[in-house]
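The values are calculated or read from the model by the stated rules, or taken from the named source; none is laboratory data. Note that the structure is a prediction, hence the values are computed from the model and not measured. Methodologically, a virtual Cβ is constructed for each residue, glycine included, from the backbone with ideal geometry; neighbour enumeration extends over all protein chains shown. Please note that ligands, DNA and RNA were not included when accessible areas were found on the heavy atoms of the full protein model with its side chains. Shrake-Rupley method; radii C 1.70, N 1.55, O 1.52, S 1.80 Å.
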Amino acid sequence: ILDEQGQTAVEFPLDRYLLAGRQGISVTATVVDFDGRAATAGKAYQVEPDFLVGISRHPDSFNLGEESELQVVVLDKQRQPVKQGTVQAQVLEQSWSYVAKRNERGDVYWDDQTTWRRAFTQDLTLKDGKAAFRFDSAQPGRYLLAFTYTGPQGKNFSSATLVKVDWEYIPEEKRDRPYQPLGLWADRPAYEPGDTANVQITPKNPVSYY
């Protein structure tokens, strides 16, 4: 309802995703005058985040076992690089699960749903606002590479990108192999004598032993 000045105020709740700048809202208002004519206007609203997380350009797809280095940059509101800090890198692998549901007649059917399973995490150290992340997958499929910077006030600021790892061609005579590929994720590309390697193992299915 408009007041005598032809104005009105509407309040919208803002969740943490809106306040962090990860999402926005679009507001459309329509006013109908006394003779039934309508006038409509809309505007989008998005909070400008305190920090921006950027990802360098990269190919949309990679070959199996191909290593690619992505550059991550963190800027403040003045578009200046953040001098120091850490960025958490997460690799999420696309998979599918089947959920039992019932239709209107009460019959049970199985519905496949897309899920994202965390395959690997690593903390990257910022230097002059930049950090390098090496991506190398031993398993084909689709992956979501997400990078999160936590500001001084404890708020998270994230950016993500989708990549695809192409399937490996297996000759006909080798398709009946008695094993399945096992995903291995190392925290560094190379080690020196005496270093401790942190390797995460991500099997496709539960296993009893390695």
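List every residue pair whose Cβ atoms lie under 9 Å apart, where the two residues are 6 or more positions apart in sequence or sit on different chains, the first residue falls within segment 5-17 and is assigned to a loop (DSSP other than H, G, I, E, B), and the second residue, located anywhere, is open to solvent by 100 Å² or more (accessible area, probe 1.4 Å) and hydrophobic (A, V, I, L, M, F, W, C).
Thr8/Ile1
Using the structure shown, decide if Ala29 is in a strand (DSSP E or B), farther than 24 Å from Phe147 by Cβ and open to solvent by less than 70 Å² (accessible area, probe 1.4 Å). Show your work before the answer.
Values: in a strand (DSSP E or B): yes; farther than 24 Å from Phe147 by Cβ: yes; open to solvent by less than 70 Å² (accessible area, probe 1.4 Å): yes.
Yes: the conditions hold for Ala29.
Please verify whether segment 88-104 includes one or more residues that are outside any strand (DSSP E or B), open to solvent by less than 50 Å² (accessible area, probe 1.4 Å), modelled with pLDDT of 90 or more and farther than 17 Å from Gln139 by Cβ.
Just the residues of segment 88-104 that are outside any strand (DSSP E or B), to begin with: 103-104.
After this cut, where a residue has to be open to solvent by less than 50 Å² (accessible area, probe 1.4 Å) as well, the list is none.
The answer is no, given that none of the residues of segment 88-104 is outside any strand (DSSP E or B), open to solvent by less than 50 Å² (accessible area, probe 1.4 Å), modelled with pLDDT of 90 or more and farther than 17 Å from Gln139 by Cβ.
Based on what the data block shows, is Pro189 loosely packed, with under 11 Cβ neighbours inside 10 Å, over 19 Å from Ser61 (Cβ atoms) and at pLDDT below 80?
Criteria met by Pro189.
Please enumerate the residues belonging to segment 107-138 that are of a type in the set (Val, Ile, Thr) and either surrounded by 10 or more Cβ atoms within 10 Å (Cβ to Cβ) or over 18 Å from the mean Cα position of the chain (by Cα) (or both). Don't jump to the end; show me each part of the working.
Quick first cut of segment 107-138, residues of a type in the set (Val, Ile, Thr) only: 108, 114-115, 121, 125.
Within segment 107-138, Val108, Thr115, Thr121, Thr125 qualify.
Here is a list of conditions, (1) under 29 Å from Tyr149 (Cβ atoms); (2) among the hydroxyl-bearing types (Ser, Thr, Tyr); (3) touching a strand residue (DSSP E or B) at 6+ places or on another chain (Cβ under 8 Å), and Tyr17 meets all of them except one; can you say which number that is?
Tyr17 satisfies all of (1) under 29 Å from Tyr149 (Cβ atoms); (2) among the hydroxyl-bearing types (Ser, Thr, Tyr); (3) touching a strand residue (DSSP E or B) at 6+ places or on another chain (Cβ under 8 Å) except (3).
Does at least one position in segment 133-153 carry a residue that is within 27 Å of Val82 (Cβ to Cβ), at pLDDT 85 or above and of a type in the set (Gly, Ala, Ser)?
Looking for residues that are within 27 Å of Val82 (Cβ to Cβ), at pLDDT 85 or above and of a type in the set (Gly, Ala, Ser), one finds at least one in segment 133-153, hence yes.
Just the residues that are among the hydrophobic types (A, V, I, L, M, F, W, C), under 16 Å from Lys130 (Cα atoms) and either in a strand (DSSP E or B) or open to solvent by 50 Å² or more (accessible area, probe 1.4 Å) (or both), please, taken from segment 33-86. Don't jump to the end; show me each part of the working.
So in segment 33-86, the residues among the hydrophobic types (A, V, I, L, M, F, W, C) come out as 34, 38-39, 41, 44, 47, 51-53, 55, 62, 64, 70, 72-75, 82.
Going one step further and asking which of them are under 16 Å from Lys130 (Cα atoms), we end up with 51-53, 55, 70, 72-75, 82.
Passing the criteria: Phe51, Leu52, Val53, Ile55, Leu70, Val72, Val73, Val74, Leu75.
Among what's in segment 41-73 and is over 19 Å from Lys155 (Cβ atoms) and hydrophobic (A, V, I, L, M, F, W, C), pick the residue that is modelled with the highest pLDDT.
So in segment 41-73, the residues over 19 Å from Lys155 (Cβ atoms) come out as 41-44, 55-71.
Of the ones still in play, those that are also hydrophobic (A, V, I, L, M, F, W, C) are 41, 44, 55, 62, 64, 70.
Details: Ala41: 89, Ala44: 86, Ile55: 94, Phe62: 85, Leu64: 78, Leu70: 91.
Selected residue: Ile55.
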